[in-house]
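Let me begin by presenting the structure, written as structure tokens, before commenting on it.
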Amino acid sequence: MSDVKQDFIDGLFETARKNPGRVVVPAADNAEALEGIAMAVADGVLCGGILIGEPEPIRKVAAEVGLPLDRFTVVDEPDWDEAANLAVSLIADHEADFLLKGKLGTKNYLKAVLNRKYGLVPESRTLSHVAMAMLPTYHKPLFFTDAAITIQPDATTKASLVRNIVDVAHRVGIANPLVAMIAAVEKVNPKMQSTVDAAEVVKMAEAGEFPGCVIEGPYDLYIATSAEAAEIKGVSGRVCGNADILVFPEINSANVFYKSIRFVQDSWTAAVVGGASMPILLPSRADTAMTKRMSVVLAAAMTASKD
């Protein structure tokens with residue numbers, strides 16, 4: 001692993017351990033979620049929490065993955081929507097610090113998060129999915145958006161996605177992230193809306209709308225992540241081959257990229273929701289325990305840096 005990646009990971013854990021918080025999990029009888037929590041407890045970034053769902057399945061899964069329940073409260077609520085609402089209310093009442101999805105679907109989860117009575121989403125913000133990947137073939141952490149929430153963003157919505165993911169990057173120590181607006185080609189083509197949107201967001205950046213970052217594009221994935229590919233294609237820029245952040249044109253491409261990482265040996269991801277007032281973890285139900293562990297670490301680091 002490169003020194004840049006190792007230093008980043010070490011810093012993430014060091015920051016996260018400053019704020020060992022409490023997690024709340026609706027529909028908690030999910031092996032990967034509870035194993036990830038067990039890892040995070042061992043890491044020193046969690047001190048306990050609340051597990052909501054059917055008590056017996058939760059206890060059974062916890063025993064199977066080696067999660068001691070002495071630091072956790074198990075709450076009986078089998079209904080997914082009610083479990084999600086209870087979890088969000090506990091976050092809003094500061095009885096827990098991090099929200100992690102268990103077995104329930106993203107729709108049930110986000111419906112509760114978006115309920116205005118809980119106050120987790122500021123009036124002026126749009127929620128978006130922010131993922132972080134550590135890949136053996138890339139020289140530093142790679143953040144990207146939006147693989148789970150925003151289906152077909154226009155240029156204005158993409159500007160909100162940029163603000164959310166840059167905010168996450170800032171909070172975990174990346175002071176001036178390099179952002180690539182991803183499309184299939186690097187030239188603006190009126191028939192390809194992704195290239196038009198990318199150019200519009202770059203124009204916004206040139207007007208000073210996104211302080212604390214550099215935004216370029218449209219770039220294809222090669223140009224954004226490979227200096228050699230950028231040189232071959234005759235494209236130059238600060239972001240070429242060195243992107244910290246990829247903004248995908250729509251949910252399909254981002255989701256496929258996110259899920260493809262699972263097939264890359266020695267890689268891992270983490271996922272949170274950007275734009276909320278406190279960290280909300282949003283890995284997939286089928287994600288590995290490692291992804292859920294690192295999502296907790298990422299959220300804890302974000303919270304500690306904000307404090």
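Throughout, read-outs are computed from the coordinates displayed, never taken from laboratory work. Computed from a prediction, not measured in an experiment: that's the story for all the values here. Quick reminder, even Gly has a Cβ in these numbers, built from the backbone with ideal geometry, and neighbours come from all protein chains shown.
Descriptive notes on the structure:
- Whether region 1-156 is rounded, prolate or oblate, judged on the alpha carbon gyration tensor where a/c under 1.5 counts as rounded: oblate
- Compared with the dominant Cα axis of the chain, that is its longest principal axis, helix 289-306 is turned about 80°.
- The charge dipole of the chain, taken about its Cα centre with unit charges on the Cβ of Lys, Arg, Asp and Glu (plus for the first two, minus for the last two), comes to roughly 260 debye.
- If only the Cβ of Lys and Arg carry +1 and only the Cβ of Asp and Glu carry -1, the dipole of region 130-273 around its Cα centre is close to 180 debye.
- Virtual spin-label span in nm between E14 and D76, 7 Å along Cα→Cβ: 4.7
- Label point distance in nm, E228-V264, each placed 7 Å from Cα along Cα→Cβ: 1.6
- Along the axis of the charge dipole computed for the chain (Cβ charges of +1 for Lys and Arg, -1 for Asp and Glu, origin at the Cα centre), the listed residues Q193, N176, F13 are led at the positive end by Q193.
- V75 long-range amide H proximity, modeled H, under 5 Å: L51, I52, G53
- For region 57-65, 3J(HN,Hα) per residue [Karplus equation, 6.51 cos²θ - 1.76 cosθ + 1.60, θ = phi - 60°, Hz, x = Gly/Pro]: x, 4, 5, 5, 5, 4, 5, 5, 9
- Dipole size of region 194-282 about its Cα centre, with +1 on Lys/Arg Cβ and -1 on Asp/Glu Cβ: approximately 240 debye, rounded to the nearest 20.
- Efficiency of FRET between E123 and E250 - r from beta-carbon atoms, R0 22 angstrom, step 0.05: 0.30
- Of A229, A205, Y109, farthest towards positive along the dipole that unit charges on Lys, Arg, Asp, Glu beta carbons give the chain: A205
- Crossing angle, helix 31-43 versus the chain [Cα axis fit, 0-90 degrees, rounded to tens]: 90
- HN-Hα J in Hz across region 121-130 - Karplus 6.51, -1.76, 1.60, θ = phi - 60°, x for Gly and Pro: 10, x, 3, 8, 9, 10, 7, 8, 7, 10
- Selection among A286, G217, N255 by position relative to the dipole of the chain gives G217 as farthest towards the positive end (Cβ unit charges, Cα centre).
- Relative contact order [Cα under 8 Å, 6+ residues apart], region 130-273, whole percent: 36
- Inter-label distance, nm, simple model (7 Å from Cα along the C-beta direction), V185/K60: 5.6
- Rounded to the nearest Hz, the phi-derived 3J(HN,Hα) couplings of region 259-273 under the Karplus curve 6.51 cos²θ - 1.76 cosθ + 1.60 (θ = phi - 60°) are 6, 5, 4, 4, 8, 9, 4, 6, 10, 8, 10, 9, 8, 9, 9, where x marks glycine and proline.
- Between the alpha-carbon centres of region 123-162 and region 252-301 there is a gap of 11 Å.
- Percentage relative contact order, the chain, counting C-alpha pairs under 8 Å, at least six apart: 24
- Cα-based equivalent ellipsoid, region 130-273: semi-axes from gyration tensor eigenvalues, Å: 20, 17, 16
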